[in-house]
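Structure first, then comments.
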Amino acid sequence: MTQVNSRREFIIKMASVSGVVAAGSVLSACGGGSSNDPMLQFNYGVASGDPKTDRVILWTHARYVGSSDTVALAYQVATDVGFTTIVSTGTATAGASSGYTAKADATGLTAGSTYYYRFVAGRWISPVGITRTLPAADVTSVKFAVFSCSLYSAGYFNAYDSAVRSGAQYALHLGDYIYEYGSDPAKFGNSNAANLGRVTAPDNEIVTLEDYRTRYAKYRSDPNLKTLHATMPWITVWDDHEFANNAWVDGADNHDSTKQGPWADRKAIAAKVYHEWMPIRVQDPANLLKIYRSFDFGSILTLHMLDTRIEGRTKQYDAYPEDDDGGIARYVRALGDGVNGTDATHPMISATQQKWLTDGTLASRATWQIMGNQDIMARMWFPKNVLDAQNAAFKAPTVANQTAVSTAIKDFLTAKATPSAFRTPTQADLVSTTQNPRRPYNLDSWDGYPTQRDAILKEIRRQGKKLVTLSGDSHNAWFTNLTTLDNAKAGVEFAVTSVTAPGFESAGLDALQSSLDGTLFSLPPFVSANTPVQYGSGLGLIDDLNYVDAKRRGYLLMTATAASVKGEYVFVDTIASTTYTASTGKTVTVSATDMSVSYT
């Protein structure tokens with residue numbers, strides 16, 4: 001165990017001093033001062049985020065019991081847990097205008113260093129947190145934990161608990177940190193909430209300022225989330241559920257302006273509360289909707305955190321199985337021949353953000369360019385014969401239609417695995433992208449914005465950069481090749497599963513796992529039981545997919561060096577109990593020499 005990890009464990013176990021793992025309300029420690037001071041509560045602990053080499057954002061929530069008075073706070077940053085060597089101090093306020101949250105930018109720090117921090121108000125002292133600055137240029141390794149889609153009502157945040165002991169130096173959250181739905185058991189992910197004691201608050205879907213603040217408070221009351229926030233700095237972006245499901249610039253699927261008011265008002269409220277509760281550095285005080293930004297981790301990597309949801313996204317095409325507005329037909333026409341698509345006016349991010357991104361990758365001298373990205377960027381394209389069969393089964397789930405899906409999958413995979421010289425004419429047509437074109441199933445992801453994606457990938461490929469994208473949103477774990485529309489490889493993508501939100505398994509689709517990534521053909525009965533599973537064969541339903549886990553919850557542990565990027569897919573065996581086991585389901589390593597991939 002490293003010295004830093006030993007210190008982490010020490011802080012975590014020192015509940016009597018720091019209170020970072022206490023469930024429920026966290027009362028501050030009492031130092032010197034007048035006994036007449038009203039009691040001050042730090043109910044949601046402390047957090048840090050958006051580190052730079054010389055500074056980091058510090059966060060807390062502070063409120064006097066039975067009072068609405070503003071709290072004047074001082075923060076302290078020290079090199080030791082006893083705060084005998086304080087290296088940075090300053091002030092912050094927690095009042096009604098910010099929902100009693102407080103943030104400060106602690107400066108004067110040293111690159112690649114671990115610090116301890118706390119807030120003080122009179123005789124009241126907050127829990128102690130641990131943070132870290134970005135590394136200096138000569139860093140040899142960086143490790144960070146990646147999360148997405150944490151639905152409080154769906155189960156316990158065991159993934160957060162596991163990450164505390166993972167050795168990660170930083171945490172990345174790629175969005176859906178909260179969900180906007182009410183507590184109705186019929187709502188997404190709520191069916192077991194009452195049994196687990198995980199009923200969200202408020203009961204209604206969140207729309208107002210007080211609604212959003214109450215929802216964040218509920219999430220931040222979770223002991224595992226509080227502990228992880230207090231253990232390492234976070235770098236975050238929002239996705240749709242911090243606003244409303246399937247949001248875009250001018251609306252959301254889950255927003256009804258006739259009942260919930262103007263979308264612009266709800267969007268502004270959601271952004272304000274996000275900035276209140278998250279340890280994020282404000283990029284533009286006049287525009288809280290701008291959160292894309294980058295971080296340099298020495299010479300190893302530059303992290304580009306995108307906003308693919310709110311900043312520039314136009315309305316999504318309709319997707320399978322619904323096509324109420326004819327969006328699929330328009331998408332297919334726009335895609336054209338697969339190379340010269342004509343939907344350039346249908347962007348996922350603004351032209352300004354796109355230029356910022358590609359200018360940033362060009363300017364970076366780091367070995368790796370890593371994109372923190374809300375939605376799957378890879379081409380998750382299914383063969384048309386399978387999508388058509390699945391679409392029919394969704395609309396009319398008869399036995400015949402369900403059987404037709406299985407037949408379509410079997411026919412396609414058999415044709416793909418058959419050497420070209422031995423394929424029948426029917427099999428040749430199934431494999432042909434002309435006769436049986438590949439089409440996406442989720443047009444809310446980058447698949448719905450193929451021309452802009454292609455422009456970004458081609459430009460970064462032209463720059464000769466080593467590209468890795470980290471993605472969330474899908475609730476399942478994926479590792480894919482990033483390819484252009486003309487099938488040139490531009491990088492790789494690690495997509496993280498959800499912390500708790502249900503994935504493919506909730507719809508019974510986890511059985512497709514080995515068919516999706518092609519591992520079916522390295523499993524019995526095709527091979528003997530002791531044959532190693534082959535990943536990256538290209539024999540699955542999705543051409544660019546190399547690995548998938550379609551049923552487990554967890555997180556992604558990334559380690560980057562000048563020689564490689566390694567992703568460990570860590571899964572927890574349950575979210576229905578606080579007693580759980582965490583294990584690594586798959587480790588994927590990408591070489592910086594030639595972008596070759598190995599699986600263990």
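Things to note:
- Scan region 415-444 for residues that are surrounded by 22 or more Cβ atoms within 10 Å (Cβ to Cβ) and either in a helix (DSSP H, G or I) or among the hydroxyl-bearing types (S, T, Y) (or both) and the total you get is 1.
- Any hit, region 161-170, residues being within 13 Å of the chain's Cα centre (by Cα), modelled with pLDDT of 95 or more, closer than 23 Å to F571 by Cβ and of a type outside the set (S, T, Y): no
- Of all residues in region 50-71 being within 30 Å of L306 (Cβ to Cβ) and of a type in the set (S, T, Y), the one that is most open to solvent (accessible area, probe 1.4 Å): T53
- Filter result for D429 (modelled with pLDDT of 95 or more and farther than 26 Å from V496 by Cα): yes
- Any chance K458 is within 18 Å of D544 (Cα to Cα) and in contact with a strand residue (DSSP E or B) (Cβ under 6 Å, 6 or more places away or on another chain): no
- Of the residues making up region 133-167, those that are under 30 Å from S506 (Cβ atoms), assigned to a loop (DSSP other than H, G, I, E, B) and open to solvent by 20 Å² or more (accessible area, probe 1.4 Å) are Y156, R165, S166.
- Residue in region 88-110 that is of a type in the set (A, V, I, L, M), more than 19 Å from W277 (Cα to Cα) and either open to solvent by 60 Å² or more (accessible area, probe 1.4 Å) or assigned to a strand (DSSP E or B) (or both) present: no
- Filtered residue count, region 111-127, keeping only those that are open to solvent by less than 10 Å² (accessible area, probe 1.4 Å) and in a loop (DSSP other than H, G, I, E, B): 2
- If only residues of region 350-374 that are over 17 Å from G298 (Cβ atoms) and in contact with a Ser or Thr (Cβ under 6 Å, 6 or more places away or on another chain) are counted, the one that is surrounded by the fewest Cβ atoms within 10 Å (Cβ to Cβ) is M371.
- Any hit, region 241-254, residues being surrounded by 19 or more Cβ atoms within 10 Å (Cβ to Cβ) and within 30 Å of R118 (Cα to Cα): yes
The values are calculated or read from the model by the stated rules, or taken from the named source; none is laboratory data. Since we're looking at a predicted model, the values are computed, not measured. Cβ sites come from the backbone with ideal geometry, for glycine too, and all protein chains shown count toward neighbours. When the accessible area is computed, the model is the full protein with side chains, heavy atoms only, and any ligands, DNA or RNA have been set aside. Shrake-Rupley method; radii C 1.70, N 1.55, O 1.52, S 1.80 Å.
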